Amino acid sequence: MGRLDGKVVLVTGGSRGIGRGIVETVAAEGADVAVNYATHADEANAAVEAVRAMGRKAIAVQADVSDRAQVEAMVATVTAELGPIDVLVNNAGIESIVPFLELDDAEWQRVTNTNLKGPWTVGQVVARDMVGRGAKGAIVNIGSIQAGMVFPGRTHYAPTKRGIEALTTNMAAELAPHGIRVNCLHPGLFDTDMTSWVMDDPEILPHVLEKIPLGRAAQPKEMGPAVVFMASDDASYITGQSLYVDGGMLIL
């Protein structure tokens, strides 16, 4: 018996990196999974096949998480093919490195749309569906260690991740009466495509690792158990909280 047996889980940005690790972990815990993607169709389909190989149902569904019409269509597709959504994992995110004085409106908007407007939009559409059905559920927002640390060139990225904390607490307060829990997980250094500029640089990587008490980067699947916990009945009395999954990086 898995902790998510019989649940339908939607993972945004589930085709690669941390999202792919979450997809496979929730499936291993018994969930059927909808893998949202924006542009990486082949990777999304590979994630679907991995889930199906575990004996669970899965679909890939394309949508821009900041576009309400696309999000509503995505939720309708998931419901029609897998059933009503029980758990939403707001994982989709993008990052770029641009010095503050060089940052332009277009890049600010691009990152903010995906990283902050996206979780708000998908969270609202899914929550409205849950409330309309009178169903309890769980939403897990994926932030970043940059919500609590300063990194150069992230004056557009870091505010979106700090904003996810505020989004989480406010969503949690308003949705609690409906039996919907909302929590946030902040990953530290994970070995993914997004962090390849660190992981593949023999000069930068040692300096980053020395700031992590556990002395290593995490693998994508290491976010999965934290998501499962927050999404499962093991966390039935936890809502509005943020947890750093960072190997202790924030404490130094």
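Coordinate-derived values only; no laboratory data. These figures come from a predicted structure and were not determined experimentally. Note that we place each Cβ from the backbone using ideal geometry, even for glycine, and neighbour counts take in every protein chain shown.
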Checking the structure you have, find out if any residue of the stretch 78-85 is touching a residue at least 12 places away in the same chain (Cβ under 8 Å), over 28 Å from TYR244 (Cα atoms) and of a type in the set (Val, Ile, Thr). yes
In the stretch 199-213, residues that are surrounded by 12 or more Cβ atoms within 10 Å (Cβ to Cβ) and more than 19 Å from GLY19 (Cα to Cα) total 8
Of the residues ALA69, ALA92, ALA63, ALA58, which single one is of a type in the set (Gly, Ala, Ser), farther than 12 Å from ALA34 by Cα and touching a residue at least 24 places away in the same chain (Cβ under 8 Å)? ALA92
Residues (buried (at least 18 other Cβ atoms within 10 Å of the Cβ) and under 18 Å from the mean Cα position of the chain (by Cα)) located in the stretch 41-64: GLU43, ALA44, ALA47, VAL48, VAL51, ALA58, ILE59, ALA60, VAL61, ALA63, ASP64
How many residues are over 18 Å from GLU24 (Cβ atoms) and buried (at least 16 other Cβ atoms within 10 Å of the Cβ) when one looks only at the stretch 218-242? 5
